[in-house]
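> Here you go, one structure.
None of the figures in this text is laboratory data; all of them are computed from the coordinates on show. Source: prediction; values computed, not measured. Every residue, glycine as well, gets a Cβ built from its backbone with ideal geometry; the counts of neighbours run over all protein chains shown.
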Amino acid sequence: MIEIRDLSRTYGSGSNKAHVLHGIDMNIERGAFTAVLGKNGCGKSTLVRHINAILKPQRGSVRVDGMDTKDPRRLYDIREKAGIVFQDPDSQSVAATVEDDTAFAPENLGLSEDEISERVEAALRAAGIAELRKKSISELSGGQKQLTAVAGIIAMRPDYMIFDESTSMLDPLARSRVLECVMRLKRELDVSVIWITHYMDEAAAADRVVIINDGKIAADGTPEEVFSDIELIERCGLELPPCAQLCVMLKNAGYDVPRLALNAHDCALLISGMTAAAVKEREGAS
Ligand SMILES: Nc1ncnc2c1ncn2[C@@H]1O[C@H](COP(=O)(O)OP(=O)(O)OP(=O)(O)O)[C@@H](O)[C@H]1O
Ligand SMILES: [Mg+2]
């Protein structure tokens, strides 16, 4: 489990001092898919950079499976357990080719050669970049670099996988393929996923949604719980997932929408139920 206690962070000093995180308290259990939302500059990246000890708490503490991120002796163990893929793909490559870059992290885990090549192969396929394996990183597009970084963390299979807008440069197909792959890994390997995103449809598919606003946790619950508070969503500078927006539009148009649907399947069920009710009502009236 990741235990974050009373975590606060400032940047700068004097009149330039900015308070970015204010007393964040949260636990992240093994095996959950947690989406982290919040408008630009609210502190999402700052928060997750504390999990694998890139940043150390100025106040409060962060523990990963009991290991304190302030303890320099546990740095390697913490980074092996909790891996991050960042938004900026240029800062993340360590080797010359896609294949070598993907193999870098598992090679450092002391695995057998067979295990490494099996993991690399599976990760390249999962990220949809198997055909790029021999390509030089410097020849890749931004999106292809992001996919290589995603393949790297998939091959490493840490217990906690953190994606900080790691699919922001991808086309819609690649984005949904990466998300599906990560969700499958979460199910099959019982890893925890922390998924920072500005896409509300991705958050709607999570087990848990956490909203950060002005450096504090503004909401924390299931997607159903969090997105039911439309006022809060607007106050935090966010919007509802597309299916929930459709429900609100129908409601505003005078339809009797019993609740908000968060995905296409639920939306279809809701609308077909409403249609049947509307027909019944009309038949009753005539
Ligand atoms: N190294 C730094 N030095 C000074 N200020 C910083 C530094 N890193 C971040 N900040 C500031 O801290 C605040 C939070 O930044 P952070 O990157 O955590 O936000 P974010 O929620 O990840 O935003 P985005 O959605 O744009 O990625 C911002 O106002 C940012 O300008
Ligand atoms: Mg960020």
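> Label point 7 Å out from Thr275 along Cα-to-Cβ: which residues of the stretch 234-262 have amide N under 20 Å?
Only 243-262 pass the distance filter.
> Hey, another quick one. Once fully extended, how much extra length lies between Met1 and Leu173, figured as 0.36 nm per residue of separation less the alpha-carbon to alpha-carbon distance? Don't skip to the answer; put the middle values down first.
Values: separation 172, 0.36 × 172 = 61.92 nm, distance 3.22 nm.
Going from the current span to full extension adds 58.7 nm.
> Could you compute how fast the stretch 133-286 diffuses translationally, taking Rh as the Kirkwood radius over C-alpha pairs and applying Stokes-Einstein at 37 °C with viscosity 0.692 mPa s? Give it in µm² per second.
182
> Working from Cα positions, state the angle (0 to 90°, nearest 10) between the long axis of helix 264-285 and the longest principal axis of the chain.
0
> Let me ask you something else. Output the peptides 120-130, 24-34 sorted from most to least packed, where packing is the average of other Cβ atoms within 10 Å over each peptide's residues. Don't skip to the answer; put the middle values down first.
Working: 120-130: 20.4, 24-34: 16.4.
Result, highest mean Cβ count within 10 Å first: 120-130, 24-34.
> Amide H of Phe163 versus every other amide H placed in the peptide plane: which residues, excluding those fewer than 5 positions away on the same chain, fall under 5 Å?
It is Val85, Ile194, Trp195, Ile196, by chain and number.
> Go ahead and set up a Gaussian network model of the chain, Cα springs under 10 Å, then flag whichever of Leu55, Leu111, Leu37 fluctuates most.
Of Leu55, Leu111, Leu37, the Gaussian network model singles out Leu111 as fluctuating most.
> A follow-up question, please. Using +1 on the beta carbon of Lys and Arg, -1 on that of Asp and Glu, and nothing else charged, what's the dipole of the stretch 93-197 about the Cα centre, debye to 20?
Values: 12 positive and 18 negative charges, 77 e Å.
So the dipole magnitude of the stretch 93-197 works out to roughly 380 debye.
> Rounded to whole Å, give me the distance from the Cα center of the stretch 1-60 to that of the stretch 80-96.
Each part's Cα centre sits 19 Å from the other's.
> Going by a 4.7 Å Cβ-Cβ cut-off, which cysteines of the chain have no partner at all?
Cys42, Cys181, Cys236, Cys247 - these cysteines have no disulfide-compatible partner (Cβ-Cβ under 4.7 Å) in the chain.
> Ok, one more. Using only Cα atoms, tell me the angle between helix 172-189 and the longest principal axis of the chain; keep it within 0 to 90° and round to the nearest 10.
Approximately 70 degrees, to the nearest 10.
> What residue among Arg208, Arg187, Arg119 has the largest mean-square fluctuation in a Gaussian network model of the chain, using Cα springs under 10 Å?
Arg187
> OK, next. Expected output is a single nm value to one decimal: the length gained when fully extending between Glu283 and Glu188, i.e. 0.36 nm times separation in residues minus the C-alpha distance. What is it? The partial results should precede the final answer.
On the way: separation 95, 0.36 × 95 = 34.20 nm, distance 4.96 nm.
Taking 0.36 nm per residue and subtracting the Cα distance, the gain is 29.2 nm.
> I'd like the Karplus ³J(HN,Hα) series for the stretch 137-154: coefficients 6.51, -1.76, 1.60, θ = phi - 60°, whole numbers in Hz, and an x wherever there's a Gly or Pro.
4, 5, 8, 7, 6, x, x, 5, 5, 4, 5, 5, 5, 5, 4, x, 6, 5
> Work out, step by step, the length gained on full extension between Arg73 and Asn263: first 0.36 nm times the residue separation, then minus their alpha carbon distance; give nm to one decimal. Walk me through the numbers on the way to the answer.
Values: separation 190, 0.36 × 190 = 68.40 nm, distance 4.46 nm.
Gain on stretching Arg73 to Asn263: 63.9 nm.
> Quick one: angle between helix 113-127 and the longest Cα principal axis of the chain, in degrees between 0 and 90, rounded to 10, please.
30
> For Asp201, project a label point 7 Å along Cα to C-beta. Then give me every residue of the stretch 155-188 with its amide nitrogen under 16 Å of that point.
Only 167-181 fall inside the zone, counting backbone N under 16 Å.
> Pairs on different chains or at least eight residues apart, Cα atoms closer than 19 Å: how many lysine pairs in the chain fit?
Lysine pairs, 8 or more places apart or on different chains, close enough: 14.
> In the chain, if every C-alpha pair distance is counted and binned at 5 Å from zero, what percent goes to each bin?
Binned Cα distances yield the sequence 1, 5, 11, 14, 16, 15, 12, 9, 7, 4, 3, 2, 1, 1, 0, 0.
> A further question follows. Provide Asp207, Asp190 in ascending order of the number of other Cβ atoms located within 10 Å of each residue's Cβ, fewest first.
Details: Asp207 16, Asp190 11.
Ordered by Cβ neighbours within 10 Å, fewest first: Asp190, Asp207.
> Moving on to the next point. Only four residue types carry charge here, +1 at the Cβ of Lys and Arg and -1 at the Cβ of Asp and Glu. Report the dipole size of the chain about the Cα centre in Debye, rounded to the nearest 20.
On the way: 34 positive and 44 negative charges, 141 e Å.
Roughly 680 debye, rounded to the nearest 20.
> Now for a separate question. How much of the DSSP beta bridge set in the chain is antiparallel, as a percent to the nearest 5? Walk me through the numbers before you get to the answer.
Values: 20 of 37 bridges.
So the antiparallel bridges amount to about 55 percent of the total.
> Pop the C-beta distance of Glu239 and Glu115 into the FRET formula with R0 = 30 Å and round what comes out to the nearest 0.05.
Numbers: r = 44 Å, r/R0 = 1.45.
So, using R0 = 30 Å, E works out to roughly 0.10.
> Right, something else. Could you grab the relative contact order for the chain? Cα pairs under 8 Å, six or more apart, rounded to a whole percent. Walk me through the intermediate numbers first.
Working: 510 pairs, mean separation 59.6, N = 286.
Relative contact order of the chain: 21 percent.
> Name the most mobile residue of Asn252, Asn263, Asn52, meaning the one with the largest mean-square fluctuation, in a Gaussian network model of the chain with Cα contacts below 10 Å.
Asn252
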